[in-house]
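What follows is a set of notes on a single structure, which appears directly below.
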Amino acid sequence: MSPRPRKASDEDVAAAAVRVMRRVGPDELTLAAIAAEAGVTAGALVQRFGSRRALLAWLAEAAAASAPDLGQIYRKKHATAIAALFEYALCFADMAPSPDALARSLAYLHNDLTDPVLRRHLVSQARGGRASLTRLIREARDHGELRRTTNVHALVNLVEAVMSGSLMAWVVHREGTARERLRADTRTLLNPYLTLRGRRAVERRL
């Protein structure tokens, strides 16, 4: 008697899909490739999700649900909110271990922007991320790491712009690593807002 096929957990399938998506673009992504990565049959994923698009929508929904908690995950790792804010900004560099990897991420983003279902989850994820940034920046201001006059809403918008804009500049110029570019640009952005306490916290973080 042959052994029963292994049933992959949600975490297994999600992790497998992310690994495959880092290697191939949307045109090459298949349920078969994800199933092979997860160690299950393609039929099992078809039965579970129905289609590749449905699996991508499931991934996008999960990412949107976790976005509001991301800032707190980083906050628990650091003694200060400003250090957690830096860590949050630098996580964007994970999309760009190489220029090709970032190009693939942008191709998936194009799908997210043009598919109505995926876009809905993308907007929800972005709003959750903005809420995380807002909490970190407000805490940093209230704890004296940022100047008391800091406009939290305006700074959230600027941090969002740097997080995405730095990656685009890096992939064009390709000077250093994406993480180095993002770290330098985030520091340049925050410098005018930092108090002495904030500067010391950032120096310890860097």
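Taking first residues from the stretch 142-166 that are assigned by TED's automatic domain parsing to the domain that holds ASN191 and without any contact (Cβ under 8 Å) to a residue 12 or more places away in the chain and partners that are assigned to a loop (DSSP other than H, G, I, E, B) and surrounded by 16 or more Cβ atoms within 10 Å (Cβ to Cβ), the Cβ contacts under 9 Å between residues at least 6 apart in sequence or on separate chains come to ARG148/THR195.
Checking the condition in contact with a Gly (Cβ under 6 Å, 6 or more places away or on another chain), touching a residue at least 40 places away in the same chain (Cβ under 8 Å), outside the structural domain of THR30 (by TED's automatic domain parsing) and surrounded by 13 or more Cβ atoms within 10 Å (Cβ to Cβ), which residue from ARG135, ARG179 passes? Break it down into steps so the answer makes sense when it comes.
Details: ARG179 fails: in contact with a Gly (Cβ under 6 Å, 6 or more places away or on another chain).
Matching residue, one of ARG135, ARG179: ARG135.
If the condition is being touching a Phe, Trp or Tyr at 6+ places or on another chain (Cβ under 9 Å) and either farther than 16 Å from GLY144 by Cα or outside any helix (DSSP H, G or I) (or both), then the stretch 76-85 contributes only HIS78.
Among the residues of the stretch 88-100, those that are in contact (Cβ under 8 Å) with a residue 60 or more places away in the chain and surrounded by fewer than 17 Cβ atoms within 10 Å (Cβ to Cβ) comprise PRO97, PRO99. Against the conditions (1) at pLDDT below 95; (2) touching a Phe, Trp or Tyr at 6+ places or on another chain (Cβ under 7 Å); (3) of a type in the set (Ser, Thr, Tyr), SER105 satisfies every one except (2). Of all the residues in the stretch 24-71, those that are among the basic types (Lys, Arg) and surrounded by 14 or more Cβ atoms within 10 Å (Cβ to Cβ) number 2.
Among the residues of the stretch 91-99, are any polar (S, T, N, Q), more than 23 Å from SER51 (Cα to Cα) and modelled with pLDDT of 95 or more? No, the conditions are met nowhere in the stretch 91-99.
Among the candidates LEU113, LEU106, which residue alone is out of contact with any helix residue (DSSP H, G or I) (no Cβ under 7 Å at 6 or more places or on another chain), on the phi < 0 side of the Ramachandran plot, aliphatic (A, V, I, L, M) and surrounded by fewer than 18 Cβ atoms within 10 Å (Cβ to Cβ)?
Numbers: LEU113 fails: out of contact with any helix residue (DSSP H, G or I) (no Cβ under 7 Å at 6 or more places or on another chain).
Only one candidate qualifies: LEU106.
Checked against (1) among the hydroxyl-bearing types (Ser, Thr, Tyr); (2) closer than 23 Å to THR186 by Cα; (3) free of Cβ contacts under 8 Å to residues at least 12 places away in the same chain, SER9 meets all criteria but (2).
Within the stretch 56-85, residues that are closer than 15 Å to ILE137 by Cα reach partners that are acidic (Asp, Glu) with beta carbons closer than 8 Å, at six or more positions or on different chains, in the pairs TYR74/GLU87; ARG75/GLU139; HIS78/GLU87; THR80/GLU145; ALA81/GLU139; ALA81/GLU145; ILE82/GLU145.
The values are calculated or read from the model by the stated rules, or taken from the named source; none is laboratory data. On a predicted model such as this, the values are computed, not experimentally measured, just so you know. Cβ atoms come from the backbone with ideal geometry, glycine included; neighbour counts cover every protein chain shown.
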